[in-house]
Every structure is written in C-alpha cells, then in structure tokens.
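First the structure, in the form of structure tokens, and then the observations on it.
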Amino acid sequence: IEQPIRQGQWKALAELCQKTPIPIALDEELIGVHLPEEKKALLDTVRPQFLVLKPTLHGGFTGAEEWISLAREREVGYWVTSALESNIGLNAIAQWTAALHEHFHPDHPALSFPQGLGTGSLFVTNFSGAPLSLEGERMWCGTPEERKFNREAAHFRHTFLNAEPSLSVQTSGSTGQPQRLSVEKQRMVRSAEATLRFLRIPNGSTALLCLPLKFIAGQMMVVRSLVGSLSLRAVCPSSRPLATLHDAPFFAAMTPMQVFESLRSPHDRRLLRRIRRLLIGGGSISPTLEEELRDFPNEVWSSYGMTETLSHIALRRLNGPQASETYRPLPGVHLSLSSEGTLTIDAPGITDGALKTNDLAEISGDGSFRILGRRDNVICSGGLKLRIEELETRLASL
C-alpha cells in the first residue's frame, strides 16, 4: 500500500507500519526531506516496509542513492520509478538500477535484486505471502485458524490483566507427569523483566508469537509484550511461522523444528537472519542446526527452562564471539546438583523455592552448566515432551 495517509503524520504512520498485515511503502512522505539527519529520523520513527523513490523529487540519482543506503542499513525494501512516467525517464532509471545491482551485498539477495520500475510493479503480485482469504462476501486478513489463534492471544492477554493474582498453566512434563499448575502473575512479570533486560530488548520493539498458548513458552511471549510494551504479531503455530510475514520482528522465540524448517525456505531464511534477538527453546539443538546458525548477523540464543521456572532461567549464545557450549544462568538464579546428579534450580521471585529437575547436568566453576541427559524416560519432539511409557501403550494397539 503506497502512502495510505497524508504526509506529516509520522506517529500514525509508525503505528500503521507496525500493525499492518500488508506492507506499506512511503511515497509522498519522502518529498522535501533532504538532510541526512531528517532522513534517518523518518526511517527510524516510521519503520516502513518499503520506499518508493522518484529521483527527480529527491535531488536526482545522488539523493535517491542516499535513501537507498539508509534503507539497506535498516533492511527496508524499495523500488524506483519516474515521477513523470516518461519513456526517457523510465529508461534512465532502468539503466541506473541495473548499474547499482552490481554493487549490492551478496548476503542480502532480496535487496540485491533490481526492484524494477514502479509501473511494471503495478501489474504483478509483489508480495505473494499476504494472508488474505475470501469467505462469502468478505475478505479476511488471515485464515480461520490464524484468526482463531489471534483470539486466543487476546483472551490470554485479557486473563492476565484481570484482577486475579494467579492463573493456571499446563506443565509440559519436564519434571514429572503433565499437570495444571497455579502461578502467581507477579512471578511471570519478574521472569519477563529478566528476559527483556538480559537480551536488551527496547520498549516498543516488534515481537513474534508463534508458539501454542496452552504452554508457558507462548504465554510468556504475551507477558513480555505487555511488560516491555512490545508490538506483538501473533502467527498460528506451524513449522514455518515466517512464511506469511513481510518483515522480520525484532524478537522471536521458536522451537528447533521451526528454525530448521525456516532455514529450508529462501524467504523464511532471509527473515530469520534479520531477527535481532532469536530465542530457540523447547528441545535440544543438533550440531548441524547450530552450525547453520553460526554465521547469523544478529544474536541467536538457546534457552533452558520449563513451566515450573516460567520459561527459561539460562541462555547459551549460539553465534558470534560470545558463542558458548555451556548455558549461563540469568542474574539471581542459583544452581546446584542433587545427589543423583540432576540440576536443582533456585530462582528467587520466580520459582517457589528450590526446584529439583530430572535433567542430568555438569556445573563448571564459573557457574555455567551443560545438560548431559535425562534421568527419566521423557523425550522431546518438536517442542513437545513425550513419555515413552505412554507412547508404548498407544502403539501396542496398532
């Protein structure tokens, strides 16, 4: 959608760009903005998905190149056209964009691709992932399943904000048989604050909810969005949660299976690399997957935790100079080993006293630790805890 409201309304445009299911491109908003500081302020405030550049209105090719440079730094898409729509103007722009293409960075194929002439783009679908569905006489944003998940997210948000001091959550089976657990909301707030603080997630950032809301991982993403005033985008849980997105969130939590499948798609992989804080939890990360993530330009973390600890209490960096083979507990979390060699967790303000897990662990002198295995017969598949005895009973009848 090109420039949906009149220019000069930066705050309103920023809100639209955060919430829109269809990409927004700035057009008239760029006219008259010439100083580099003004250009940076506009892009950083509005955070658009695309720019429409008309060199004759932006100080010629030099002015347009300044916009392109700033857009590329912020991973904002763009295309170029002629304000006059003349054959001479369009031909000049075609030659110019072709020349620019040769100098683009190979790590950003989406931005390297010559994004053509505006007139040509009018006759093709420039965003095939728009989640629109026609039902009767109405067109909806999102499939029925996606809209249902958004209602679930809204319901949980309402439940968390009501006057009740506690809510009931479903354990996944990390410390025993799955069961319902009553949790104080204030403890969830403290857990969210610890994550936001450790990962340095600025207030107002975008976040992705792509995990089931019946488990703590999905619920805590909603709580973090409330505590950190994050703009939360809810996407129905699937193996490819980025498939219908047109821009990457600042913060996302995904399972190893979701990350693995996203890496198989060029579109999903491109967005995955742009996530500034990627949190991977709910299961072990294979050496092969870890190797694929090693060259990611932004922070990628593996998390350790469970329902009883209200999501993670320790993180392990998977890429960059700080990459590590051991988990480091969040500030204030105390760890020890039981007589059986299993990890015991004490997180004041979050856990209700010391929590004995079934995870066999090894603690280093600096407080970091590694998980060696399980003491019970629980396996994790796709972020779900499965008990071997229950599987054996179900399979016996087949």
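The values are calculated or read from the model by the stated rules, or taken from the named source; none is laboratory data. Just so you know, these numbers come straight off a predicted model, no measurement behind them. With ideal geometry, Cβ positions are generated from the backbone for all residues, glycine too; neighbour counts draw on all protein chains shown.
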*Residue by residue through region 1-23, note down the ones that are farther than 18 Å from I68 by Cβ and touching a Phe, Trp or Tyr at 6+ places or on another chain (Cβ under 8 Å).*
I22
*asked:* Looking at V189, V222, V183, V235 in this structure, which one is among the aliphatic types (A, V, I, L, M), within 29 Å of R273 (Cβ to Cβ) and out of contact with any Cys (no Cβ under 7 Å at 6 or more places or on another chain)?
replied: V222
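For every residue, the table says whether it meets (1) farther than 26 Å from R374 by Cβ; (2) part of a loop (DSSP other than H, G, I, E, B); (3) touching a residue at least 40 places away in the same chain (Cβ under 8 Å).
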residue: L167; (1), (2), (3): yes, no, no
residue: R187; (1), (2), (3): no, no, yes
residue: N203; (1), (2), (3): yes, yes, no
residue: Q219; (1), (2), (3): no, no, yes
residue: S229; (1), (2), (3): yes, yes, no
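Report the residue count in region 337-348 for those that are assigned to a loop (DSSP other than H, G, I, E, B), under 29 Å from the mean Cα position of the chain (by Cα) and either surrounded by 14 or more Cβ atoms within 10 Å (Cβ to Cβ) or in the same structural domain as M306 (by TED's automatic domain parsing) (or both). Steps first, please.
Looking only at region 337-348, we keep the residues that are assigned to a loop (DSSP other than H, G, I, E, B), and these are 338-341, 347-348.
Add one more test, that the residue is under 29 Å from the mean Cα position of the chain (by Cα), and what stays is 347-348.
Narrowing further to those that are either surrounded by 14 or more Cβ atoms within 10 Å (Cβ to Cβ) or in the same structural domain as M306 (by TED's automatic domain parsing) (or both): 347.
Adding up the residues that qualify gives 1.
Scan region 33-46 for residues that are more than 30 Å from the chain's Cα centre (by Cα) and under 22 Å from E15 (Cα atoms) and jot them down.
Taking region 33-46 as the starting set, the residues that turn out to be more than 30 Å from the chain's Cα centre (by Cα) are 33-35.
Scanning region 33-46 gives a single hit, V33.
Each row is one residue, and each column tells you yes or no for (1) modelled with pLDDT under 90; (2) within 24 Å of the chain's Cα centre (by Cα); (3) on the phi < 0 side of the Ramachandran plot.
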{"residue": "P21", "(1), (2), (3)": "yes, yes, yes"}
{"residue": "P48", "(1), (2), (3)": "no, yes, yes"}
{"residue": "F61", "(1), (2), (3)": "yes, no, yes"}
{"residue": "A64", "(1), (2), (3)": "yes, no, yes"}
{"residue": "E73", "(1), (2), (3)": "yes, yes, yes"}
{"residue": "W79", "(1), (2), (3)": "yes, no, yes"}
{"residue": "A83", "(1), (2), (3)": "yes, no, yes"}
{"residue": "H108", "(1), (2), (3)": "yes, yes, yes"}
{"residue": "L111", "(1), (2), (3)": "yes, yes, yes"}
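Results for (1) outside the structural domain of P212 (by TED's automatic domain parsing); (2) of a type in the set (S, T, Y); (3) part of a helix (DSSP H, G or I), shown as yes or no for each residue.
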| position | (1), (2), (3) |
| --- | --- |
| R273 | no, no, yes |
| L279 | no, no, no |
| E290 | no, no, yes |
| S303 | no, yes, no |
_Restricting region 299-311 to residues that are modelled with pLDDT of 95 or more and within 17 Å of the chain's Cα centre (by Cα), the residue that is farthest from A354 (Cα to Cα)_ = E299
*Determine, yes or no, whether R317 is touching a strand residue (DSSP E or B) at 6+ places or on another chain (Cβ under 8 Å) and farther than 24 Å from L213 by Cβ.*
yes
*If you take the residues of region 235-267 that are part of a helix (DSSP H, G or I) and modelled with pLDDT under 95, which of them is surrounded by the fewest Cβ atoms within 10 Å (Cβ to Cβ)?*
P266
_Conditions first: (1) in contact with an Asp or Glu (Cβ under 8 Å, 6 or more places away or on another chain); (2) under 29 Å from T143 (Cβ atoms). G281 passes all but one, so which condition is the exception?_
(1)
*In region 210-234, which residue that is charged (D, E, K, R) and under 17 Å from R151 (Cα atoms) is surrounded by the fewest Cβ atoms within 10 Å (Cβ to Cβ)?*
K214
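With in the same structural domain as P249 (by TED's automatic domain parsing), modelled with pLDDT under 95 and over 30 Å from Q49 (Cα atoms) as the only criterion, which of S205, S191, S172 stands out? Steps first, answer last, please.
Working: S205 fails: over 30 Å from Q49 (Cα atoms); S191 fails: modelled with pLDDT under 95.
From the options S205, S191, S172, the qualifying one is S172.
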